[in-house]
Amino acid sequence: MSFAKVSSVQTTLLDAHIIDVEVDFIRGLQSFTTVGLPDKAVEESRDRISAAIKNSGFSSPKKQNQKVVVSLAPADIKKEGPLHDLAIALGYLLATKEIRFDPEGKIFLGELSLDGKLRPIKGVLPLVKEAKRQGFTEIFLPKENAEEAALIDEMDIYPSGTLKDVIEHLDKESKSQIFTQKPTEVVYDTPEYRVSFADVKGNETAKRGLEIAAAGGHNIAMYGPPGTGKTMLARAFTTILPVLEFDEVLEVTGIHSVAGRLNKALVTHPPFRSPHHTASYVSMVGGGVYPKPGEVTLAHRGVLFLDEFPEFDRRVVEALRQPLEDNVVSISRAKGSAIFPANFILIASMNPCPCGNRGSSKECVCTPIQVERYKRKLSGPIIDRVDMWIEVAKVDHEKLSDVSRDEAEEEKMKERILNAREKQRKRFKKHDHIKTNSDMNSRELLELVELNEEVKDVLNDSAKLHDMSARAYHRIIKLARTIADLEGESVLTPDYVLEAIQYRFKENV
């Protein structure tokens, strides 16, 4: 037999597909051809594989008078990256009968170095999930990827160091075995934050707004003169966010793994993304010839902080409309389209005017036209999608010189947020797609949030006074529901609605 087939798997966008690696050869002039829409990295695998096979103690394909054809099926899916190296090498050795094993139910992943060592790959988590869904039970991959892969249960994970290790394990006559890594429980580390709410002096209104945002997943914008602590508050925000649940860990880790942004085995805390205001449209929302996830997707289940919000390119800001409303971003290009998840908390910061001194004790040097032009950088639809607008005023110098840290109050804040999240978890237990109050749509809002007549009267009167849009009306209800959750109350009262309204509308915005 001069034919063999083994299995691999690869990601396309954020999805994964099983790849059949078929190897066939005939006697003739030496050649090594890879078909099935391979990219440059896949085409170059023939040289890596030939050297790895030779340095693992087997005959190099380049020394044989034979024509080798490697087919990667399905042929209509573009094959990218070096992760198929291990499968191709084993398929070749199986076809030439230099080794014997049953490839049924096994997946092989890994990049080969010239000496036969396995190098780590990216996107392992979605690959293993797809392999399990397709009925595979064993997966061989580099040691560095084993911890990530072991998050998927009911799969035998074989962390391997070299091509020879894999071959010796597959050879039933060999005594050398690779230990199976069983699924592990998520270990939540304790990150060291450079700043926390215990370090923030004053700005109690901003702290309250950020607490509400963390509890209900609401978008928030902070405005005020330069140097009042807007950026510091945003960076401290991540310290009060609850850790990710297990399904969220899988989801977020998979996204960062596919994007090649995984700095450690698992992402257990909400990601914090802070792109510069010169960030391009593609880097923010995703795209490219073959669509790739952008910052809004990398911030999924976490925070997207946009400092100097009006300074971002208008096209970039307007592109946030869909993710802020639907929690996804849809990318369409000539060579493909994709829908990426983008459920994040937006924290925006801005100055009241170009010079930043409007409304402060310092003299504002901006002309009325400059102020009006600055305001118009944010369109009405974008402003309408932000739940809270919080003014961050100048802090008294006496407070700044206070070296004490109010860690007790910060712990109380975290406890209130956790209790509020727990109430929401119970409220939405029959709705798997809803995690926080901000995720509810208008129909779910009517079903899950009860409004008495007194609350309705306050809402309707305020809606008429401020000429609210339907979106603003519903977002105020969700905001009030979160405030009630923080206070441990199951019934909405007019006080909670009024507090939500005061965050929603600000004269200086």
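The values are calculated or read from the model by the stated rules, or taken from the named source; none is laboratory data. Since the structure is predicted, the reported quantities are computational estimates derived from the model, not experimental observations. Note: ideal-geometry Cβ built from the backbone for every residue, glycine included; neighbour counts use all protein chains shown. When the accessible area is computed, the model is the full protein with side chains, heavy atoms only, and any ligands, DNA or RNA have been set aside. Shrake-Rupley method; radii C 1.70, N 1.55, O 1.52, S 1.80 Å.
Observations on the structure shown:
- Restricted to helices (runs of 4 or more DSSP H) entirely inside region 424-509, no element has at least 3 residues that are out of contact with any Asp or Glu (no Cβ under 7 Å at 6 or more places or on another chain), on the phi > 0 side of the Ramachandran plot and open to solvent by 70 Å² or more (accessible area, probe 1.4 Å).
- For region 230-250, the count of residues that are over 30 Å from ALA150 (Cα atoms), in contact with a Phe, Trp or Tyr (Cβ under 7 Å, 6 or more places away or on another chain) and either modelled with pLDDT of 80 or more or open to solvent by 10 Å² or more (accessible area, probe 1.4 Å) (or both) is at least one.
- Tally of residues being closer than 24 Å to SER7 by Cβ and either modelled with pLDDT of 95 or more or of a type in the set (Gly, Ala, Ser) (or both) across region 60-69: 0
- Of the numbered criteria (1) small (Gly, Ala, Ser); (2) at pLDDT 90 or above; (3) crowded, with 22+ Cβ neighbours inside 10 Å, the one GLY161 fails is (3).
- Tabulated pairs, region 84-98, first under 14 Å from ARG48 (Cβ atoms) and touching a residue at least 60 places away in the same chain (Cβ under 8 Å), second among the charged types (D, E, K, R) and outside any helix (DSSP H, G or I), C-beta under 7 angstrom, 6+ apart or interchain: none
- Qualifying residue in region 143-157 (condition: modelled with pLDDT under 95, open to solvent by 40 Å² or more (accessible area, probe 1.4 Å) and either in contact with a helix residue (DSSP H, G or I) (Cβ under 6 Å, 6 or more places away or on another chain) or not acidic (Asp, Glu) (or both)): yes
- Inspection of region 444-462 finds no residue satisfying the criterion of being of a type in the set (Gly, Ala, Ser) and under 36 Å from the mean Cα position of the chain (by Cα).
- For region 14-37, the set of residues classified as of a type in the set (A, V, I, L, M, F, W, C) and surrounded by 18 or more Cβ atoms within 10 Å (Cβ to Cβ) consists of LEU14, ALA16, ILE18, ILE19, VAL21, VAL23, PHE25, PHE32, listed by residue number.
- Looking only at residues in region 196-254 that are in a helix (DSSP H, G or I) and among the basic types (Lys, Arg), the one that is farthest from SER361 (Cα to Cα) is ARG235.
- Check on VAL258, free of Cβ contacts under 8 Å to residues at least 60 places away in the same chain, buried (at least 19 other Cβ atoms within 10 Å of the Cβ) and within 19 Å of ILE121 (Cβ to Cβ): no
- Top-ranked residue of region 103-138 - restricted to ones that are in a helix (DSSP H, G or I) and in contact (Cβ under 8 Å) with a residue 24 or more places away in the chain, ranked as nearest to LYS5 (Cα to Cα): ALA131
- Flag for ALA480 being within 33 Å of the chain's Cα centre (by Cα) and at pLDDT 95 or above: yes
- Tallying residues that are of a type outside the set (Asp, Glu) and in a helix (DSSP H, G or I) within region 57-102 yields 13.
- Number of residues in region 52-64 that are open to solvent by less than 30 Å² (accessible area, probe 1.4 Å) and either without any contact (Cβ under 8 Å) to a residue 60 or more places away in the chain or touching a strand residue (DSSP E or B) at 6+ places or on another chain (Cβ under 8 Å) (or both): the value is 4.
- Residue in region 285-295 that is within 21 Å of ASP384 (Cβ to Cβ) and among the acidic types (Asp, Glu) present: no
- Listed conditions (1) out of contact with any helix residue (DSSP H, G or I) (no Cβ under 8 Å at 6 or more places or on another chain); (2) part of a helix (DSSP H, G or I) are all met by SER257, apart from (1).
- Looking across region 411-443 at every residue that is of a type in the set (Asp, Glu) and under 23 Å from the mean Cα position of the chain (by Cα), the one that is farthest from GLU245 (Cα to Cα) is identified as ASP439.
- Among the residues of this structure, LYS40 counts as one that is among the basic types (Lys, Arg) and either over 19 Å from SER8 (Cβ atoms) or open to solvent by 10 Å² or more (accessible area, probe 1.4 Å) (or both).
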